[in-house]
Amino acid sequence: MTPERKKKIEAVLDKRQPTLHVVLENVDDPRNVGAVLRSCDAFGVIDVHLLYPKGRMPRMREIKSKSTASAAKWLRFTKWEKPKDLITFFKKKKIAIVATHLSAEATDVAQVDMSAPVAIVLGNEHDGVSKEMLKAADANVLLPMVGFVQSFNISVAAALLLYEAYRQREGKGMYEGGEMKKGERAKILRKWVA
């Protein structure tokens with residue numbers, strides 16, 4: 001590895017946001033999963049949670065197009081089968097759950113503090129976020145729209161939500177100093193440069 005490459009890897013790692021999580025719940029289209037993973041990498045997410053209590057999780061080889069493979073190798077994945085286990089994990093770590101569900105009670109994402117520890121939950125293309133995850137959510141957000149359609153494709157919604165999180169966090173300087181603990185950073189760096 002060249003010194004320049006190692007320096008680039010360290011610079012990217014220093015911008016990772018260990019308090020910004022993404023949850024994919026029963027998302028079954030591998031192309032959508034792949035596009036979400038690219039957005040996760042682009043906006044500094046390190047932890048992606050794959051929640052598949054019903055249905056089959058897309059196999060990584062289905063997801064990993066050339067461009068997705070280049071993003072997925074920089075992410076950390078945790079697989080979950082039960083929503084209650086994932087909810088307990090987030091509550092124990094004091095990570096707010098932000099669901100994306102079209103309803104009259106949904107709040108514009110710009111009104112939610114996305115600079116706090118947060119997990120953005122994205123439901124599948126047909127059923128959306130499960131009732132269990134929605135009930136546990138600390139906030140239910142929407143992306144304002146002014147056209148005839150009522151929702152974005154999941155990968156587009158993920159990119160827009162992550163951009164809002166980035167905008168808020170960048171405004172607070174959270175991408176400048178490295179949010180990760182030293183031990184965790186060293187462990188990830190060893191894996192990334194191996």
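Remarks
- Residue within the range 151-159 that is closer than 23 Å to ALA42 by Cα, at pLDDT 95 or above and of a type in the set (Phe, Trp, Tyr) present: no
- Within the range 32-56, restricting attention to residues that are out of contact with any helix residue (DSSP H, G or I) (no Cβ under 8 Å at 6 or more places or on another chain) and open to solvent by 40 Å² or more (accessible area, probe 1.4 Å), the residue that is modelled with the highest pLDDT is LYS54.
- Residue match in the range 39-48 (condition: of a type in the set (Val, Ile, Thr), outside any loop (DSSP other than H, G, I, E, B) and within 12 Å of ALA158 (Cβ to Cβ)): yes
- Taking residues in the range 146-164 that are over 23 Å from TYR175 (Cα atoms) and of a type in the set (A, V, I, L, M, F, W, C), and partners anywhere that are assigned to a helix (DSSP H, G or I) and modelled with pLDDT under 95, the pairs with Cβ atoms closer than 6 Å and at least 6 places apart or on different chains are ILE154/ASN32.
- Any chance LEU86 is closer than 20 Å to VAL27 by Cα, in contact (Cβ under 8 Å) with a residue 60 or more places away in the chain and either open to solvent by 50 Å² or more (accessible area, probe 1.4 Å) or in a helix (DSSP H, G or I) (or both): yes
- Filtering the range 35-57 to residues that are touching a residue at least 40 places away in the same chain (Cβ under 8 Å), closer than 26 Å to GLN168 by Cβ and of a type outside the set (S, T, N, Q) leaves ALA35, VAL36, CYS40, ALA42, PHE43, GLY44, VAL45, ILE46, HIS49, LEU51.
- Qualifying residue in the range 161-172 (condition: polar (S, T, N, Q) and either in contact with a helix residue (DSSP H, G or I) (Cβ under 7 Å, 6 or more places away or on another chain) or under 24 Å from MET1 (Cβ atoms) (or both)): no
- The listed residues are PRO144, PRO117, and the only one of them that is over 19 Å from ASP28 (Cα atoms) and at pLDDT 95 or above turns out to be PRO117.
- Number of the exception - ALA104 against (1) surrounded by fewer than 18 Cβ atoms within 10 Å (Cβ to Cβ); (2) within 17 Å of HIS21 (Cα to Cα); (3) of a type in the set (A, V, I, L, M, F, W, C): (2)
- Candidates LYS135, LYS73, LYS92, LYS79 - the one that is of a type outside the set (A, V, I, L, M) and under 15 Å from ALA35 (Cα atoms): LYS73
The values are calculated or read from the model by the stated rules, or taken from the named source; none is laboratory data. Just so we're clear, the structure is a prediction, and the values are computed from it rather than from any experiment. All Cβ positions, glycine included, derive from the backbone under ideal geometry; neighbour counts span all protein chains shown. What goes into the accessible areas is simple: the full protein's heavy atoms, side chains included, and nothing from ligands, DNA or RNA. Shrake-Rupley method; radii C 1.70, N 1.55, O 1.52, S 1.80 Å.
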